[in-house]
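Just so it is clear, none of the values below were taken in a lab; they were calculated from the coordinates. All of these numbers come straight from a predicted model, not from anything done at the bench. Cβ: placed from backbone, ideal geometry, glycine included. Neighbour counts: every protein chain shown.
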Amino acid sequence: MNLWGVTGWKDTGKTGLMERLVAEFSARGLKVSTIKRAHHGFDVDQPGKDSHRHRVAGAQEVLLSSANRWTLMAELRGAGEPVLDHLLSRLSPVDLVLAEGFKRDCHPKIETHRSAAGHSLLATGNPTIRAVASDSVLTLDRPVFHLNDTIGIANFIATELGL
C-alpha cells in the first residue's frame, strides 16, 4: 500500500487538508483509507452501550457491526502504543493510506503550516517532510503549496508515489 502523511502542529489545517485529499483521490477513482494519530485519550464508544460494557468487562477487542459499517476497538491494557507498521497491517488493501500526525515516523509527508499559529516549521532538518502547505509565502528547499491548493498537493503526492 502507498502511504503518505499529513503532519504539522495543532490548528494548522491538517484535518481539513486530509478531508480534501480523501475526497480528491476518491474522485480520481482511488481507494483511500486514513489513519489518525491522537495525542490524547479518546473514546469512540459510549458508556452504557453494549460494546462499552464489553470493553469495561475486560475484552481485549470488541468488533461492532451493523448494515452500514463495522469498527474494531482494541484495548491496549497497559501495552505500548502500536507502531505505524502494525496499524497499517490491520487495514484492508487500498491504493493509498493517508496518515494524519505521526510526525516522527519515516514515511513521506507534507507539513501544514499557518502563520497565525505561531509555530516553527517541522520541515527544517526533516527529510521525510517532502513539501509544505502554508497560508503564507515561504522559501524552502522543497515544494511549497498554498494550504488550499488541494489539486496541486494531490498531483504532487500522486507523482511522488507513482499513482
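Summary of computed values
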| item | result |
| --- | --- |
| Share antiparallel - DSSP beta bridges, the chain, percent rounded to 5 | 20 percent |
| Share of Cα-Cα pairs in region 1-98 lying beyond 19 Å, as whole percent | 56 percent |
| Acute angle (nearest 10 degrees) that the helix 150-161 long axis makes with the longest principal axis of the chain, alpha-carbon atoms | 80 degrees |
| Local electrostatic count at MET18 - Lys and Arg +1, Asp and Glu -1, tallied over other residues with Cβ under 9 Å | +1 |
| Efficiency of FRET between GLU19 and ARG77 - r from beta-carbon atoms, R0 45 angstrom, step 0.05 | 0.90 |
